[in-house]
Amino acid sequence: MFKKILIANRGEIAIRILKACQEMGVKTVAVYSDADAYSPHVQLADESAPLGNPLSSESYLNIQKIIHAAVETGAEAIHPGYGFLAENPDFAYACENAGITFIGPKSDVIKLMGNKIEAKQRMEKADVPIIPGYHGLRQENNFLFKQGKKIGFPLLVKAAAGGGGKGMRIVHREEELEEAIEGAKREAKSAFGNDTLLLEKYLDKPRHIEFQILADAYGNIVHLFERECSIQRRHQKVIEESPSPVMTAEMREKMGKAAVKAAKAVGYTNAGTIEFMVDSSLNFYFMEMNTRLQVEHPITEATTGVDIVKWQIRIASGEKITLCQETLSQRGHAIECRIYAEDPANGFLPCSGVLTKVEPPVGPNIRNDMGIETGMEVTAYYDPLLAKLIVSGENREDAINKMVWALSNYVLLGITTNTSFLKEILTHEAFRRGDITTHFIDTHFKNWFATRPEIPVEALIALSVYDMMNAKSGVQKEVTVSSVSDPYSPWKRAGKWRIGD
Amino acid sequence: MINLEFSYEYNNHVYKLTAERAKENDAYLITFNNRTYPVTSSEIKPGYLRIKLDDRVIKAVVAEGNKNMFVFLDGNAFNMKKVLPTSKRIEKKDGLVSPISGKVVNVKVKEGLSVKKGDVLMVIEAMKMEYLIKAPYDGIVKKIHLSVDEQIDMGMIPIEIEKTEG
C-alpha cells in the first residue's frame, strides 16, 4: 500500500478521496490554487502544495506543477478525481515517467477511449453492441446516401467536428436524406470549416444507463451494476439513480457482461464506467467509456456497499480484487442530486459569492459529499458543483420521498442554487412513474425556467424580526440591550454551567 | 416604543415593513401592506428563528451577507437585497468604484455638473439587477469614463468627482 497520495483535484471530490486515504492510513497531499487557499480540502489534508494562479490552466490543469508537487512532497501516487486531468493521457503518461503511480488506467488506454470513433471500432470488434452508423472517410454524397439507407430511419446526420446541434439533422424518411446530407455539409463547413459527416441510427427517447466496473492488473473484472443518468440538462447530468427503473434482471445481466467485455477488450485497469444508450425498445448500445471515477459513484456505493475509491487505491497499489461477481448484489434504491451554484430563474447562469450558511440535511441513509462550508467564498473560476446529496431507501418511492425531504431541509444560503429545480423534477409525475429519457428536462421543463417563486409574507416577517433582534445602529442598539435581556439578571453572572454538573 | 422601518428588495420589487417591539420579551408587531402581525420569536441557534404568529409557527433560517439577506423557509431559499436608509448607505463607501461587473444602463449626470452626496450618478445592470452608483461626497463631475451600454468591471472607477471644499 502507498504511504502517501497526492490528490490532484479540489472541492467535494478531493475531500471524498482524502477521507478514503485517511481511513486507510495513507498520508495525503492536497494541491490548491490561490483561490482555494482556505478551502476545506486543504484544511483536511496532512500536507498541501500551492499551485498559484487560480486559472485552471495554470493550476489544476498544469501537469508540470502537479508532478513537481508530488515529487517535492514524496507522494508515491496521484489520484486525479474527475474532471481536470482525470482523463488526460499526457498526465497519466507524465506520472508513469516520473515514477509516480497514476490512480487510474494506463495512459494508452485513456488515449484510446478518448478517441470516440476508435473506441467504437474496438467495441464493435469485441462484439459489444454499438449504435449502427457510418464513421468512415468516404464522404461523397451518393455514398453517404447509400450508407444512410443501409442504417435505416430515423437517422442522425451530424458533423464529425460538430457540437451544439450545428450541422445536425434528424432524417425520418428516405426522401429527406439527400437534402439533409447537403444541408448538414453546408452548415458544418461554415460552422467548423470541415464538412465531414457521421451517420448514426437516431434513437428516439433514449435513456442513458451506465455500468460501473472495477478491473485489477491480474485480469479480474467485476461490474457493480447500473446507474440511470437520463436526467440531464445540456448533456450535464443532474439527478442519477440506481437501479434503473426500466432494468430487468435479464437485461442487467446482458449489459453487465457487455460492460466487462468492453473493459477486457482494451485491457482496462482500475475503476471505469461504460456508458450505454438504451432505446425505447430497450436495445442498448455502447456510447463511450469514462476512464475515471464518476461524479455519481456514491449511488453505486450506496446500493452495493462497495467503496469504489478505496478499491481504486488498492488496485493501483497492485492488490487483487477480492470481490466476486456472484456475491455482489444491489440493495434498495439510491438517488443522487447535484447541487449546483446556478440560478434556474436566470437561465441557469453560474452564481458566485459567499456562502452565509451551509447546513446539510442529516438522517438515516443520507450522505453529503461536499466541498463547501459556511463562510466560504465560491468563485467563478471552477465548476459550479457545490455538493452532492445522496440518499437511499428501501425502494424507489421511499428514496424519492427521502430526497424531497432532504432537499427541503438543506440550508444553503448566500448563493442561489438549483435545489428548487431538483425538487420540481423529483415531484414531477413522469419522474415518479420512472418515465424518463435524456429529453426529460427539455420536454417537461421548457417553460419552467423563467419563474422565481413569489416571496411569502412569512419570509418577510422572519426577515424583519431578525433585523429587529439584531438591529445595529446607535438607537437600535439601546433598544436591543434593554428589552431583549436584562443587564442585571443573575443569569448574566452564572457563566457556563449544566444541570447535574 | 421604537418603530423601525425595514425594506427588502426581491425580484425588482421593494417590500417595506415596519416593526415594533412589544412590551413582552421577544414580542413584535410587524406591519406589512396595512396589516399588522403580532408575533413572538425566539432564536434557537444563530439565524434559526422560531416565530409564533397566532396559532401558527414559522420556522425560518436567516443569514446576512454584505449586501443581501437570505431566508430559508419551507424548503425554499430567498435572496433579498438589503435596502438601507440612503444616508447610511453612502457613508460606507469611500471612493467611487463599481461594486459589480455589469453593463451601464443609465448615466444620470454630465461632466461639469455639481452633485450632492448621495445623488445617483449611474445605473449598472448585472445579473438582471440594477445597482446605483451614488456620489460619495458633494462635488463636481470631473470625468465620466463610461457611457450607456458599455461594460463595467468590478472595482472600476466609472466617474470621477472632484470634492468641493467644506
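What number of residues within the range A:326-349 satisfy the criterion of being at pLDDT 95 or above and outside any loop (DSSP other than H, G, I, E, B)?
Matching residues across the range A:326-349 total 8.
Return yes or no: is B:Glu43 more than 29 Å from A:Ala345 (Cα to Cα), at the interface with chain A (Cβ under 7 Å from one of its Cβ atoms) and not polar (S, T, N, Q)?
Yes: the conditions hold for B:Glu43.
Go through (1) more than 9 Å from chain A (Cβ to nearest Cβ); (2) exposed (fewer than 14 other Cβ atoms within 10 Å of the Cβ) and name the single condition B:Lys52 misses.
That leaves (2) as the condition not met.
So which residues in the range B:12-31 are modelled with pLDDT of 85 or more, of a type in the set (S, T, N, Q) and closer than 26 Å to B:Glu130 by Cβ?
Scanning the range B:12-31 gives a single hit, B:Thr18.
Kindly establish whether B:Pro158 is on the phi < 0 side of the Ramachandran plot and modelled with pLDDT under 85.
no
Listed here are the residues, each with its yes/no results for (1) assigned by TED's automatic domain parsing to the domain that holds A:Gly272; (2) more than 23 Å from A:Lys237 (Cβ to Cβ); (3) touching a residue at least 12 places away in the same chain (Cβ under 8 Å); (4) not β-branched (Val, Ile, Thr).
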site	(1), (2), (3), (4)
A:Ile15	no, no, yes, no
A:Tyr32	no, yes, yes, yes
A:Ala35	no, yes, yes, yes
A:Ser59	no, yes, yes, yes
A:Ala69	no, yes, yes, yes
A:Pro80	no, no, yes, yes
A:Gly83	no, no, yes, yes
A:Glu87	no, no, yes, yes
A:Phe91	no, yes, yes, yes
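When you scan the range A:431-443, how many residues do you find that are at pLDDT 95 or above and assigned to a helix (DSSP H, G or I)?
So the answer is 4.
Please go through the range A:444-457 and pick out each residue that is outside any loop (DSSP other than H, G, I, E, B) and touching a residue at least 12 places away in the same chain (Cβ under 8 Å).
The answer is A:His444, and nothing else.
Residues that are away from chain B (no Cβ under 14 Å) and not β-branched (Val, Ile, Thr), at least 1 per element: which strands (runs of 3 or more DSSP E) completely within the range A:359-430 meet that?
A:366-370, A:385-393
Taking into account only those residues within the range B:6-19 that are more than 7 Å from every other protein chain (Cβ to nearest Cβ) and touching a residue at least 24 places away in the same chain (Cβ under 8 Å), which is nearest to B:Tyr37 (Cα to Cα)?
Among residues in the range B:6-19 that are more than 7 Å from every other protein chain (Cβ to nearest Cβ) and touching a residue at least 24 places away in the same chain (Cβ under 8 Å), the one nearest to B:Tyr37 (Cα to Cα) is B:Ser7.
Among the residues of the range A:378-401 satisfying the criterion of being out of contact with any Ser or Thr (no Cβ under 6 Å at 6 or more places or on another chain) and free of Cβ contacts under 8 Å to residues at least 40 places away in the same chain, which is surrounded by the fewest Cβ atoms within 10 Å (Cβ to Cβ)?
Among residues in the range A:378-401 that are out of contact with any Ser or Thr (no Cβ under 6 Å at 6 or more places or on another chain) and free of Cβ contacts under 8 Å to residues at least 40 places away in the same chain, the one surrounded by the fewest Cβ atoms within 10 Å (Cβ to Cβ) is A:Glu397.
Would a scan of the range A:280-288 turn up a residue that is more than 14 Å from every other protein chain (Cβ to nearest Cβ), without any contact (Cβ under 8 Å) to a residue 24 or more places away in the chain and either surrounded by 18 or more Cβ atoms within 10 Å (Cβ to Cβ) or not polar (S, T, N, Q) (or both)?
no
Restricting to the range A:115-148, what's the tally of residues that are under 30 Å from A:Met255 (Cβ atoms), assigned to a loop (DSSP other than H, G, I, E, B) and not aliphatic (A, V, I, L, M)?
6
Considering only residues of the range A:104-129 that are surrounded by fewer than 18 Cβ atoms within 10 Å (Cβ to Cβ) and of a type in the set (A, V, I, L, M), which is nearest to A:Ile181 (Cα to Cα)?
Among them, the one singled out is A:Ile117.
The values are calculated or read from the model by the stated rules, or taken from the named source; none is laboratory data. All of these numbers come straight from a predicted model, not from anything done at the bench. Note: ideal-geometry Cβ built from the backbone for every residue, glycine included; neighbour counts use all protein chains shown.
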